[in-house]
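The values are calculated or read from the model by the stated rules, or taken from the named source; none is laboratory data. Treat the numbers as computed from the prediction; the structure is a model and nothing was measured. Cβ coordinates were reconstructed from backbone atoms using ideal geometry, including for glycine residues, and neighbour counts include every protein chain displayed.
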Amino acid sequence: MSDKITSQTTGKQYNANKVVRIINTLQAASYMKHGAELLDIYPSRDFKSNENKPLLVYIFDREATTPLYDAWCKRELN
């Protein structure tokens, strides 16, 4: 079984084991503002809440976004 996925939205290929999935729209927008390449985006549901609300999942390369994640955690990414 291959871990490679081709996005139906962007047409880009990525390895499912080497990405991060972001559901925070503000965080995803901040990543893109700072040059992170969006690999994929797809609709899902918030299965943890009782409301089962729809949400979007943004896919980014894990290695490429590590510095952005660190800045996000330190509240330095705006």
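Quick notes on this one:
- Extreme residue, nearest to Asn78 (Cα to Cα), among residues of region 13-63 that are of a type in the set (Gly, Ala, Ser) and not in a strand (DSSP E or B): Ser30
- Residues of region 4-43 classified as small (Gly, Ala, Ser) and surrounded by fewer than 12 Cβ atoms within 10 Å (Cβ to Cβ), total: 2
Residue-wise test of (1) aliphatic (A, V, I, L, M); (2) more than 11 Å from Val20 (Cα to Cα); (3) at pLDDT 95 or above.
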{"residue": "Ile41", "(1), (2), (3)": "yes, yes, yes"}
{"residue": "Phe47", "(1), (2), (3)": "no, yes, no"}
{"residue": "Asn50", "(1), (2), (3)": "no, yes, no"}
{"residue": "Pro54", "(1), (2), (3)": "no, yes, no"}
{"residue": "Phe60", "(1), (2), (3)": "no, no, yes"}
{"residue": "Glu63", "(1), (2), (3)": "no, no, yes"}
{"residue": "Ala71", "(1), (2), (3)": "yes, yes, yes"}
